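We did not get these values from a lab; they are worked out from the coordinates using the rules stated. Note that the coordinates shown come from a computational prediction; the quantities given were computed from them, not determined experimentally. Here the Cβ is made from the backbone with ideal geometry for all residues, glycine too, and neighbour counts use every protein chain on show.
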Amino acid sequence: MSQQPVYYFDNNATTRVAPEVVDAMLPFLRDHYGNPSSFYKFGSQTGRQVEEARAKVAALLNADPKEILFTSCGTESNNAALHSALVTHPGKRHILTTAVEHSAIINHGKFLQKQGCEVTFLPVDADGSLDLHLLDKSIRPDTALVSVMWANNETGVVFPVEEIAAICHSKNVLFHTDATQVPGKIRMDVKALDADLLTLSAHKLHAPKGIGLLYVKRRAKFQPYLLGGHQERGRRAGTENVAAIVAFGRAAELALANFQDENTRVRALRDRLEKAILAGIPNTIRNGAQEPRLPNTSNIAFDFVEAESILLLLDQIGVCASSGSACTTGSLEPSHVLTAMGISPARARGCIRFSLGIYNTGEEVDYLLQHLPPIIKKLREISPAGSHPPAAAAHPPSHARTASPRTTH
Ligand code: PLP
């Protein structure tokens, strides 16, 4: 493992596990390894810890603990939501979603299309915003579910999910929201929101990877995605990942405690970074609406350069960031989110997402601002695209041509 200092600006991809979270989960890896479904105390006491964690994540959402079911990740929760809506409404074969969802919705939607379902991917405008009138008109009598993310992982653009839930319920249609990027950044209250289903993933809020949840509103019909044992009150089979669930509970407490920091200090760092880049580096532009937007996310187009080249040079100085969408990094496909916003493929290939978090400092932002302008200048000087308008800058760097596709964050 590299000993180089890390300047981490990729918190929408994943987050550092908080030391408090590590402390909370370690005893369940080391000592308390009993199966929560066991009869004896050594097992059943871990079951009590699972329930305590459930109460903590429920508090983050203002949900009832019984409405929370733990899953293995955000992807599973998203898949489970779509699956359940279709199975519990056998006469309905239409899903309404957006063109800018995470691949866990988009690719599941494409799979469902191959299975004979109809899936509508609503467009967005240049700001990344949805036309709610169009959404309203696109709900059909056979729509089983509307699934719209709460905040976009690439641009940070926030959708008006309360209004969308109200539109869905006025037509008696279930509403699911992928809220994976939201905890700690926007106050979450499922009672006010009135979603039927909601996805979270723990590794976006300083807990480990491989644990997520699906909120299922009380009395909503639900069909499990994983069948087997009776864990999670029969709604998600598989022995509980106790240590990770305990970690998720502790991380939920911290997300509530750090909410103010994320919305003041982190927001100010993000704004300072963004303003300095846009003012100091020519031919740069922010992608997506300025507001409403997650307080930590900034997605910037650097015209006449390839994002992969920027990321490579940033990596050499220890800076971690992402191109518009990591799912397409290396596959030479521009981000589906940015292209849905009408951004040309050439410009979309030069976009970088900086996503900050509670562990970022002003010194780290200074470091990035010191090194980024010369990197862009150097790349523009050597790039064949550097002397051309963005439309001509479609040639990937040679290292990108051989890279293998990665996954969306
Ligand atoms: N939804 C969104 C908006 C995300 O950003 C991510 C993270 O990559 C996911 C879903 C998938 O979550 P997970 O990595 O836990 O499967």
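Annotations for the structure displayed:
- Estimated from helical segments only, the mean residue ellipticity of the chain at 222 nm is -11500 deg cm²/dmol, where each DSSP H run of four or more residues counts as -39500 (n - 2.57).
- C-alpha long axis of helix 242-257 to longest principal axis of the chain, angle in °: 60 degrees
- Along the chain, longest interval not containing exposed chymotrypsin sites (Phe, Trp or Tyr not before Pro), exposed being DSSP loop plus at most 10 other Cβ atoms within 10 Å: 41-409
- Cross-link reach is defined here as a Cα-Cα straight distance under 13 Å, omitting same-chain residues fewer than 8 places apart; for Lys66 the aspartates and glutamates meeting it are Glu51, Glu52, Glu232.
- Neighbour-count ranking [beta-carbon atoms within 10 angstrom, fewest first] of Arg48, Arg270, Arg235: Arg48, Arg235, Arg270
- Most mobile of Thr284, Thr75, Thr15 in a GNM of the chain (Cα contacts under 10 Å): Thr284
- Residue order, fewest to most beta carbons within 10 Å, for Arg30, Arg347, Arg93: Arg30, Arg93, Arg347
- The range 118-221, relative contact order [Cα under 8 Å, separation at least 6], %: 20 percent
- Among His83, His230, His336, His203, sorting on how many other beta-carbon atoms sit within 10 Å of each Cβ, with the fewest leading, yields His230, His83, His336, His203.
- Rounded to the nearest 20 debye, the dipole size of the range 255-346 about its Cα centre is 340 debye, using +1 on the Cβ of Lys and Arg and -1 on the Cβ of Asp and Glu.
- q = 0.14, 0.16, 0.20 Å⁻¹: log10 I(q)/I(0) that the Debye formula gives for the range 98-140, counting C-alpha atoms only: -0.36, -0.46, -0.69
- Positive-end extreme of charge dipole, the range 15-120 - chosen from Tyr40, Ala18, Ala80 (charges on Cβ): Ala80
- Relative to the longest principal axis of the Cα atoms of the chain, the long axis of helix 307-316 lies at roughly 90 degrees.
- Take the Cβ atoms of Asn283 and Arg233, set R0 to 45 Å, and the FRET efficiency comes out at 0.25.
- Formal net charge of residues neighbouring Glu162 (Cβ-Cβ distance under 15 Å; K, R +1; D, E -1): -2
- Comparing Gly128, Gly47, Gly156 in a Gaussian network model of the chain, where Cα atoms under 10 Å apart are tied by springs, the biggest mean-square fluctuation is seen for Gly47.
- Think of the range 189-346 as a dipole: +1 on every Lys or Arg Cβ, -1 on every Asp or Glu Cβ, centred on the Cα centre; then among Gln231, Pro295, Ile343, Gln231 lies furthest on the positive end.
- Within straight-line cross-link reach of Lys137, aspartates and glutamates at Cα separation under 19 Å, skipping those fewer than 8 residues along the same chain: Glu118, Asp125, Glu162, Glu163
- Against the empirical 2.2 N^0.38 Å (N residues), the range 233-278 has a Cα radius of gyration ratio of 1.88.
- The chain - Kirkwood radius from inverse mean 1/r over Cα pairs (Å): 22.1 Å
- Candidates Pro65, Gly156, Pro373 compared by Cα position along the dipole of the chain: farthest toward the positive end lies Pro65, with charges placed on Cβ.
- Gaussian network model of the chain, Cα within-10 Å springs - most flexible of Gln113, Gln260, Gln316: Gln316
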